[in-house]
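The values are calculated or read from the model by the stated rules, or taken from the named source; none is laboratory data. This is a predicted model, so every value here is computed, not measured. Counting neighbours? That spans all protein chains shown, and the Cβs are built from the backbone with ideal geometry, glycine included.
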Amino acid sequence: MNSVGQPLQQRPLTTKLILAGILGLIVFVMFQVAPQLFSGSGEDTAIISKSEVQGKAAAFAAQQLGHEAGVKDEWTILYKTDSSFYGYMSREKLLEDYTKNKLDQRYPFDVYHAVLYTSGEADALLSVDVNMYTGEVVAFAHGADADAAGLDYGERPAKAVAGPAGTAQTASSEAGLTLEKKENLARPWLQLWGANPSKLQIETGSGEYGLVYTESSVKVGESLLHYNFNFSGDQVSYFRAGFTAPAWHDSYVEDQTALAKKLTLFGYGLPTLLLGILALIYSILRRGHTSFKRGIFLSSAHFLIMMVSSYNVLPETGGDSAEARVTAVVMFIIYVLYSLLMSSLLYFSLVGGDGLWRAEEKLNPWPRAKEPGYGQYVLDSIRAGYVWAFVLLGVQTLMFIILSFALDNWSTTDASQSPYNMKYAWLLPVVAWLAGLSEEAVYRLFGIRMLKKLVRNTFIASLITTLIWALGHTLYPIYPVSSRPIELTVIGLLFSYIFLRYGFIAVMFSHVVFDSILMGATLIFMQDKVNIGAGIVTIILPFIVGYIVYRFNPPRKPDLAEPVQPLT
């Protein structure tokens, strides 16, 4: 960082650092990008569009479920995933065999969940699950069983007799059905799915579904192939064929999730709230060394971006019923209030952090645009940001490899964080700007100097703020939960190092570029033209932004001295 009052000059990039960045990028591409690209090089890897899903679901509803299409029909298409079973396979290293044996085509863990509503009604008429790659229907539900689209695919509801979209009604509606009657109702569906009922065993003692068949010849780890049925009246109201994770695996995930919630609340939420209060206080105490005008633009931009991001991930509601509209309004109000809170935290962290460094360290961590050399300083900071982002990607990849051996960590899917459930997947990368701006302001610009007042040591202050930041990422579906804070503590300390040596602008851009590359790669892996283009733009956008700032703040030419009049 530059001292207060000195001309702006960014630290030059060394040859060793540039080589480290190149090496980090190579490691990232080899171990994270290449496997994804090669795994998608076979047949049926292109994901079908949601319009295709709706057509296939409507055709199945008409041909197999007897639904007559009406003008008031409204389809909602959601991405659903059996995160429990996927996680079990990931943990037990079974994913490769599952794909190799093409079980993912007949019994996919990722599906598009098409739900049919009648305009103005809150309850669903039916739902159809479609393989995202092949377009084949893999499950269906109608009546009461079709009205729980919020559950993950394959997830078991709390009610003992419910299917993936089931309700307690199923128990009473099946009360008059004998086992023989259920078998007769299920047989045509089993045959339609290519199963031979005579080779299946009926699973007894299970109250989770109305009828469960087991095919012992098809097994994935400890999981057997099940054909699950529910009934309503004299018809099948729900059917799905597939696998479920063992109970011990689900119990482990529940315990880990409970731990993650505690770590997030007490290790991240409360300390971050305390930092926000302190930022407000020190914004006032150090107002003579900073300006309350400084954070207005960035915090306002943060609020707008956060609102766009919140709208983009707002879940689809069924139909246009009054209940759905009220739910949407309530959720929107919650998002507005939360966005205001986070943008206020950012604002006071910017003002308070800038004032603390200037007043107590006589350093200039966040230069003003009016300072000479600002445009070139920003451009040089972006160059440093890209190089350090490449280094960070390599370090993160190595941490993944180390933790896979040391802690045997694994991850699973999460429909709530998937771009497939966003209104516009190409807007996903705006989150990179939110994280890069707010997290670096709170935990580096303000947090490090604030904690240093208490512990009197820069490294310990950096470590404490990094741990707070790292514990805020424990709810990601990565297990064991302890592996995530370990990985991010290393990454966070590197961010702290970048901030202390290069300043706030450089560390902000390194964070934005780091996340933009990860999110841009996610869009590229989606394989359609729009998202591939958006992914490429995402990766280069930070440089474009920095270059625009540079062009609007060109180097100033020194003032020419007035000519000296010759002596006479």
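If we scan region 83-97, do we find a residue that is assigned by TED's automatic domain parsing to the domain that holds VAL218 and in contact with a Lys or Arg (Cβ under 9 Å, 6 or more places away or on another chain)? Lay out the reasoning, then the answer.
Keep residues of region 83-97 that are assigned by TED's automatic domain parsing to the domain that holds VAL218, which gives 83-97.
If we keep only those that are in contact with a Lys or Arg (Cβ under 9 Å, 6 or more places away or on another chain) as well, we get 84.
Yes, there is a match, as at least one residue in region 83-97 is assigned by TED's automatic domain parsing to the domain that holds VAL218 and in contact with a Lys or Arg (Cβ under 9 Å, 6 or more places away or on another chain).
For first residues located in region 399-421 and closer than 21 Å to ILE524 by Cβ, partners that are at pLDDT 90 or above and of a type in the set (Lys, Arg) and lie 6+ apart or on another chain with Cβ distances below 8 Å form the pairs ALA415/LYS80. With respect to the numbered conditions (1) touching a Lys or Arg at 6+ places or on another chain (Cβ under 9 Å); (2) part of a helix (DSSP H, G or I), which one is the sole condition not fulfilled by PHE60? All conditions are met except number (1). Restricting region 286-333 to residues that are over 22 Å from ALA435 (Cβ atoms), hydroxyl-bearing (Ser, Thr, Tyr) and at pLDDT 90 or above leaves a set whose member that is surrounded by the fewest Cβ atoms within 10 Å (Cβ to Cβ) is SER291. Number of residues in region 81-97 that are in contact with a helix residue (DSSP H, G or I) (Cβ under 6 Å, 6 or more places away or on another chain) and of a type outside the set (S, T, N, Q) equals 3. Counting the residues of region 438-467 that are of a type in the set (Lys, Arg) and outside any helix (DSSP H, G or I) gives 1. Scanning region 123-148 for residues that are surrounded by 21 or more Cβ atoms within 10 Å (Cβ to Cβ) and not aliphatic (A, V, I, L, M) yields SER127, ASP129, ASN131, PHE140, HIS142, GLY143, ASP145, ASP147.
Determine which member of the set VAL27, VAL115, VAL71 is at pLDDT below 95 and outside any loop (DSSP other than H, G, I, E, B).
Details: VAL27 fails: at pLDDT below 95; VAL71 fails: outside any loop (DSSP other than H, G, I, E, B).
Matching residue, one of VAL27, VAL115, VAL71: VAL115.
The set of residues from region 338-354 being within 10 Å of LEU445 (Cα to Cα) and either among the polar types (S, T, N, Q) or surrounded by fewer than 24 Cβ atoms within 10 Å (Cβ to Cβ) (or both) comprises just one member, SER349. Taking ARG383, is it closer than 23 Å to TYR547 by Cα, in contact (Cβ under 8 Å) with a residue 12 or more places away in the chain and either surrounded by 14 or more Cβ atoms within 10 Å (Cβ to Cβ) or not assigned by TED's automatic domain parsing to the domain that holds PHE504 (or both)? For ARG383, the condition - closer than 23 Å to TYR547 by Cα, in contact (Cβ under 8 Å) with a residue 12 or more places away in the chain and either surrounded by 14 or more Cβ atoms within 10 Å (Cβ to Cβ) or not assigned by TED's automatic domain parsing to the domain that holds PHE504 (or both) - is met.
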